[in-house]
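The values are calculated or read from the model by the stated rules, or taken from the named source; none is laboratory data. Note that the structure is predicted; figures quoted are calculated from it, not measured. Glycine also receives a Cβ, built like all others from the backbone with ideal geometry; neighbour counts cover every protein chain displayed. Heads up: the accessible areas ignore ligands, DNA and RNA and are worked out on the full protein's heavy atoms, side chains in. Shrake-Rupley method; radii C 1.70, N 1.55, O 1.52, S 1.80 Å.
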Amino acid sequence: MPENEQWNSESITNNVLRAYSFEQSLAAEEGKSLPAINRTSISIESRPRDAVSSAFDTPSNTDGLSSVPVVVIDPSLLSGDTTTSMVSTGGMTFDYSSRHQLLEILREKGVDSLVASVVNRHDELQTRLARTAQEMNYFSITACISITCLLGGAIMVALTLCTLRRQIMFVEYMHGAPSYLRFQSILFLAAALCSASLPIQLLIGGYNAVSTTSVSLLFIVVSLATTVLYDSRLRADSIKHP
């Protein structure tokens with residue numbers, strides 16, 4: 001664990017034992033047995049932050065590092081399914097002096113034909129960083145396009161409603177109707193459109209309360225602002241050209 005951090009040793013130990021118990025159940029399904037461990041088999045050590053590999057860090061703290069522990073475990077304590085899964089997805093790092101040494105060991109064991117590729121840790125990290133940067137760029141472009149379409153849709157809805165209700169809104173203004181009565185139609189329409197998107201989000205499994213609320217409020221505010229501005233312009237045109 002990182003130094004100068006607070007953690008619950010009892011909780012960490014219980015989580016490790018619980019995870020290992022699951023490994024034992026997986027091994028039992030394969031007809032194998034893993035050695036038994038207890039609390040005395042688990043040790044928790046602290047290291048300076050700069051000694052923790054950045055590959056395990058996530059930006060959860062203000063300094064960009066996280067307090068997620070790095071667990072070092074003997075591979076023999078893992079079930080076959082878990083080992084295969086971790087190796088095939090890049091979730092396991094082998095501590096050898098070089099890539100060639102690992103290849104030689106694979107050849108000695110006669111399993112080199114089962115391995116698609118062996119890469120250096122440095123190359124793997126560089127590849128992951130490049131992939132992450134690419135995903136972030138794609139997400140940023142998609143977010144910008146989505147927000148632009150959202151704003152454009154809100155403006156078009158407001159302009160269409162103002163055009164259809166031009167005379168009604170002018171009559172309401174001339175008779176001194178308060179603003180909330182004159183503009184309540186756009187509020188109801190915007191809220192209805194936002195509500196209609198909820199079932200779609202639930203069906204595709206992309207519902208998020210915070211983002212949905214933020215996007216809905218943005219749509220409603222832009223629609224209302226466009227209606228207020230365009231209404232004043234239409235009102236001036238109605239006075240000049242009754």
Quiz item: Restricting attention to the stretch 115-136, which residues are open to solvent by 70 Å² or more (accessible area, probe 1.4 Å) and either touching a residue at least 60 places away in the same chain (Cβ under 8 Å) or over 14 Å from the mean Cα position of the chain (by Cα) (or both)?
Solution: Ala116, Ser117, Val119, Arg121, His122, Asp123, Gln126, Arg128, Leu129, Arg131, Gln134
Quiz item: Would you call Phe219 surrounded by 15 or more Cβ atoms within 10 Å (Cβ to Cβ), under 14 Å from Phe170 (Cβ atoms) and touching a residue at least 12 places away in the same chain (Cβ under 8 Å)?
Solution: no
Quiz prompt | Test: residue in the stretch 54-65 that is among the small types (Gly, Ala, Ser), modelled with pLDDT of 70 or more and within 32 Å of the chain's Cα centre (by Cα) | solution = no
Quiz item: How many residues, within the stretch 148-180, are in contact (Cβ under 8 Å) with a residue 60 or more places away in the chain and of a type outside the set (Ser, Thr, Tyr)?
Solution: 14
Practice problem: Go through the stretch 199-212 and count every residue that is touching a helix residue (DSSP H, G or I) at 6+ places or on another chain (Cβ under 9 Å) and either within 30 Å of Phe170 (Cβ to Cβ) or open to solvent by 50 Å² or more (accessible area, probe 1.4 Å) (or both). | Solution: 2
Quiz item: Could you say whether any residue in the stretch 194-202 is of a type outside the set (D, E, K, R) and touching a residue at least 40 places away in the same chain (Cβ under 8 Å)?
Solution: no
Exercise. Restricting attention to the stretch 102-134, report how many residues are outside any loop (DSSP other than H, G, I, E, B) and closer than 22 Å to Ser85 by Cβ.
Key: 16
Quiz item: Within the stretch 182-190, can one find any residue that is under 30 Å from Arg166 (Cβ atoms), modelled with pLDDT of 80 or more and not in a helix (DSSP H, G or I)?
Solution: yes
Quiz item: Out of curiosity, is Thr82 at pLDDT below 80, open to solvent by 90 Å² or more (accessible area, probe 1.4 Å), closer than 30 Å to Thr132 by Cβ and among the polar types (S, T, N, Q)?
Solution: no
Quiz prompt | Filtered residues of the stretch 137-174 (kept if over 21 Å from the mean Cα position of the chain (by Cα), hydrophobic (A, V, I, L, M, F, W, C) and open to solvent by 70 Å² or more (accessible area, probe 1.4 Å)) | solution = Cys149, Met156, Leu164, Ile168, Val171, Met174
